[in-house]
Amino acid sequence: MATSRAMPGQLAPTRNSFRAWLLHGQPHEMDGPHARDLPHHEHPWWQVMCLTGVDYFSTLGYQPGIAALAAGALAPLATLILVLITLFGALPMYRIVANHSPHGDGSISMLKRLLPWWQGKLFVLVLIGFVATSFIVTITLSAADAAAHIDENPFAGPLAGHALPVTLVLIALLGAVFLKGFGEAIGIAVGIVSVYLALNVVVIGYALYQVALHPSVIANWRVLLTTHYGNPLLMIGVALFLFPKLALGLSGFETGVLVMPLVKGDPTDNPIHPAGRIRNTHRLLTTAASIMSVLLITSSIATTLLIPPAAFQPGGSANGRALAYLAHAQLGEGFGSIYDLSTIVILWFAGASAMAGLLNVVPRYLPRYGMAPDWARAVRPLTLVFTAIAFVVTIIFRANVDAQAGAYATGVLAVITSATVAVALTVRREGRAGAIVRVGLIARIFAYTTLVTIVAEPDGIRIAACFIGAIIVVSLVSRAMRSTELRSAGVTFDPMALEFIQEAAALGPVRLIANHPDERNSREYLIKERAEREASHIPAGDLVLFLEVTVRDASDFASPIHVTGQQVGGYKVLRASGASVPNTIAAVLLGIRDEVGRKPHAYFGWAEGNPLKYLARFVLFGEGDIAPVTHEVLRQAEPDPMRRPAVHVG
């Protein structure tokens, strides 16, 4: 038999209608790139690939232009290096991430498991800051590029020349969608991605056909390369140096593992390690990377050879929209407008994917650590916060695609680098000697790329630092404010513990002496019982139980509590472990009350010392001045004094 106490966390009802609407409901499991592990939301892997593709494939809207602006005539070679690192670096790493994190937690959960205690929690908060940077800039950059496509369209009319307000309107519309509610996205994503990829194949295919008809453009390109760089080795060296500026093309991998709960596996899959889902996620990652690699290389060749270099510069007609430029120039304004519309839709939907990711990542991790305020459990307040942040970022960068590329790359590369580090640590722990060198090399490549990007584009790390600092401050303040919650995911008792409790209840009130475990022998319990009976005036004939709590990991917020019973000489001892001594004691006392139907009595000794020191020890180490904190936890968990377990301090 077990007694279970759920953590407090439901949003309190309110009389204010706006507040009630704003705080309506707990964060539900959303259909989208970051849904939880819900079987009835599973889909074939190729459909889920389209869901990731609204983010990943949409980079074709601006990646060829950014590559040409950064690398000039070397753009195809630099893009080839990007593709090689994608296929032989990022892809193998994320296949390993999929093996170890098949339930949608991504690479962050791998590092969380590898790095215990507070340093692990703080590292996760830093990673969430980089993830937030990546997703926020995905929203702002995608909206800005959509506005650029609108601005350059010949039918834009009064919208032309107003990129900043158009971008803000697109972001506001995105926020409005999530304030109203975001439903099933798979079917929409399949249609959007299918049309977009088909149009890109037409544009790139026709452009390469024109290159074949006019081989002089290839000859001119070779002359330009020879004139500027002289020999192939120098070209490769410069292309390697320029690779970090093209890192936006790596944006889809973390999303690819976050969507795993949506991927349909085999009927016989083990829920803990679903082999079918993992296999199909490997197919998703490999297919998406292969399609994107082909499109990136061919689009870079076509745009570099056929578009004048001046058009790529800021203010140029191909800036941030190279393939759209070709669609209009070679296939006519009608087809070009259709391509613009498809690009605008997928870029806007990429922002929706990023917003869904933010609304999942923050509630998924921070409440686990007790590091989110109550309103962070609701979708609408978070939507308003993220929309406001996206407004600020857009205004800072003036809705400029090129200016945001560095910030986006910083977020993307930091997340991928953390994934490669997680894989390297995992491989090392597993003792796979053959893979350690290869994985370590890949991790070093991405670490180098991240550092180069940070140095070259410091705006990215500044934005990420703002996110990280805000998340850490809010998280720690929230953790301190929520520290007196019950912090228990449930309490269970083993048979011997139940026997002790029922025996004590049959004789009268259940009396428990809180004991800090030291030697755990009969002499320790004899001395403790004598002292507590004298200090608290416990009747000589009443049975007493001892309650001992061991702190497992003080950085955890809540966990299931299992109470075991052990007889030491003639003394009956209940032992439990949890994240905090006072909260665990309070949860056990409430569990005993529910088990026997009467409130138990707990006896403590006074703690001597500085209260501030004890407060710090409680927050950081789960200990401190136990008695008053236990009483406060019980007071918050059980408002009725007649049903609340009694706390005595002698």
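Evaluate region 278-287: report whether one residue or more is hydroxyl-bearing (S, T, Y) and at pLDDT below 85. The answer is no; no qualifying residue exists.
I527 falls short on exactly one of the conditions (1) in contact (Cβ under 8 Å) with a residue 24 or more places away in the chain; (2) assigned to a helix (DSSP H, G or I); (3) open to solvent by 60 Å² or more (accessible area, probe 1.4 Å), and that condition is (1). Comparison of A489, A480 shows that the only residue that is of a type in the set (A, V, I, L, M), farther than 24 Å from H537 by Cβ and in contact with a Pro (Cβ under 8 Å, 6 or more places away or on another chain) is A489.
Whether a residue is assigned to a helix (DSSP H, G or I), out of contact with any Cys (no Cβ under 6 Å at 6 or more places or on another chain) and without any contact (Cβ under 8 Å) to a residue 12 or more places away in the chain was assessed, and R479 does not pass this test.
Just one of the listed residues (G469, G508) is of a type outside the set (D, E), modelled with pLDDT of 80 or more and within 30 Å of L125 (Cβ to Cβ), namely G469.
Restricting attention to region 489-512, the residues that are touching a residue at least 24 places away in the same chain (Cβ under 8 Å), assigned to a helix (DSSP H, G or I) and over 22 Å from S577 (Cβ atoms) add up to 4. Taking the numbered list (1) under 24 Å from the mean Cα position of the chain (by Cα); (2) more than 21 Å from G351 (Cα to Cα); (3) open to solvent by 10 Å² or more (accessible area, probe 1.4 Å) in turn, S251 passes all entries but (2).
G597 meets all of the listed conditions (1) modelled with pLDDT of 70 or more; (2) under 18 Å from L486 (Cα atoms) but one, namely (2). Within region 605-616, is there a residue that is among the small types (G, A, S), in contact with a helix residue (DSSP H, G or I) (Cβ under 7 Å, 6 or more places away or on another chain), closer than 23 Å to S488 by Cβ and modelled with pLDDT under 90? Yes: one or more hits.
Taken over region 438-462, residues that are open to solvent by 60 Å² or more (accessible area, probe 1.4 Å), more than 23 Å from the chain's Cα centre (by Cα) and farther than 25 Å from V97 by Cα amount to 2. Pick out the one residue from A506, A419, A435, A465 that is buried (at least 20 other Cβ atoms within 10 Å of the Cβ) and either on the phi < 0 side of the Ramachandran plot or among the basic types (K, R) (or both). That would be A419, the only listed residue that is buried (at least 20 other Cβ atoms within 10 Å of the Cβ) and either on the phi < 0 side of the Ramachandran plot or among the basic types (K, R) (or both). Can you find a residue that is open to solvent by less than 30 Å² (accessible area, probe 1.4 Å), at pLDDT 85 or above and in a helix (DSSP H, G or I) anywhere in region 371-385? Checking region 371-385: at least one residue is open to solvent by less than 30 Å² (accessible area, probe 1.4 Å), at pLDDT 85 or above and in a helix (DSSP H, G or I).
Mind checking whether some residue in region 215-223 is among the basic types (K, R) and at pLDDT below 85? No, region 215-223 has no match at all.
A quick yes/no check of all residues on (1) among the aliphatic types (A, V, I, L, M); (2) more than 23 Å from V257 (Cα to Cα); (3) touching a helix residue (DSSP H, G or I) at 6+ places or on another chain (Cβ under 6 Å); (4) assigned to a helix (DSSP H, G or I):
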| position | (1), (2), (3), (4) |
| --- | --- |
| D402 | no, yes, no, yes |
| A414 | yes, no, yes, yes |
| A422 | yes, no, yes, yes |
| V437 | yes, yes, no, yes |
| G440 | no, no, yes, yes |
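Checked against the criterion of being within 34 Å of the chain's Cα centre (by Cα), open to solvent by less than 10 Å² (accessible area, probe 1.4 Å) and on the phi < 0 side of the Ramachandran plot, region 327-340 has at least one qualifying residue.
Within the span defined as region 520-541, every residue fails to be under 24 Å from the mean Cα position of the chain (by Cα) and among the basic types (K, R). Hey, any hits in region 254-262 for a residue that's open to solvent by 20 Å² or more (accessible area, probe 1.4 Å), under 40 Å from the mean Cα position of the chain (by Cα) and under 29 Å from I108 (Cβ atoms)? Checking region 254-262: at least one residue is open to solvent by 20 Å² or more (accessible area, probe 1.4 Å), under 40 Å from the mean Cα position of the chain (by Cα) and under 29 Å from I108 (Cβ atoms).
Residues in region 548-578 that are crowded, with 19+ Cβ neighbours inside 10 Å and over 38 Å from the mean Cα position of the chain (by Cα): 4 in all. Here L425 clears all of (1) more than 30 Å from I344 (Cβ to Cβ); (2) open to solvent by less than 30 Å² (accessible area, probe 1.4 Å) except the condition numbered (2).
The values are calculated or read from the model by the stated rules, or taken from the named source; none is laboratory data. Quick caveat, the model's predicted, so the values are computed rather than measured. Note: ideal-geometry Cβ built from the backbone for every residue, glycine included; neighbour counts use all protein chains shown. Ligands, DNA and RNA are stripped out before the accessible areas are found, and what is left, the full protein with its side chains, is counted by its heavy atoms. Shrake-Rupley method; radii C 1.70, N 1.55, O 1.52, S 1.80 Å.
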